[in-house]
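Encoded as structure tokens, the structure appears first; notes follow it.
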Amino acid sequence: MRRSLYREDYMKRKNRLSVLLNSREMKAFSLYCSRYRIKNRSEFMRTTIMKAIISKFDEEHPTLWEEPSPTLFKQ
């Protein structure tokens, strides 16, 4: 029981992030949300932003060598 309380407290969102949109961006965002029946806009924005960040991290992960080493089977 104690462990689950710690995890719930650890996963609680305490930091706030504000995003400002111009009129055209807000109209497009509202249209997208209504068209695809998105009820929770904050969750949608959070998952979309985190997917973009994680995919960028995956693309730019550090490698041991800059260029791939040549192999015998590659021509």
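The values are calculated or read from the model by the stated rules, or taken from the named source; none is laboratory data. None of the values given here were measured: they were computed from a predicted structure. Neighbour counts run over all protein chains shown; Cβ positions are idealised from the backbone, glycine included.
If a residue must be at pLDDT 90 or above and assigned to a helix (DSSP H, G or I), how many such residues does region 9-54 contain?
Total meeting the criteria: 27.
List the residue pairs whose Cβ atoms are under 9 Å apart, where the first residue sits in region 31-60 and is under 16 Å from LEU21 (Cα atoms) and free of Cβ contacts under 8 Å to residues at least 24 places away in the same chain, the second is among the charged types (D, E, K, R) and surrounded by 10 or more Cβ atoms within 10 Å (Cβ to Cβ), and the two are 6 or more positions apart or on different chains.
Listed pairs, sorted by first residue: CYS33/ARG41.
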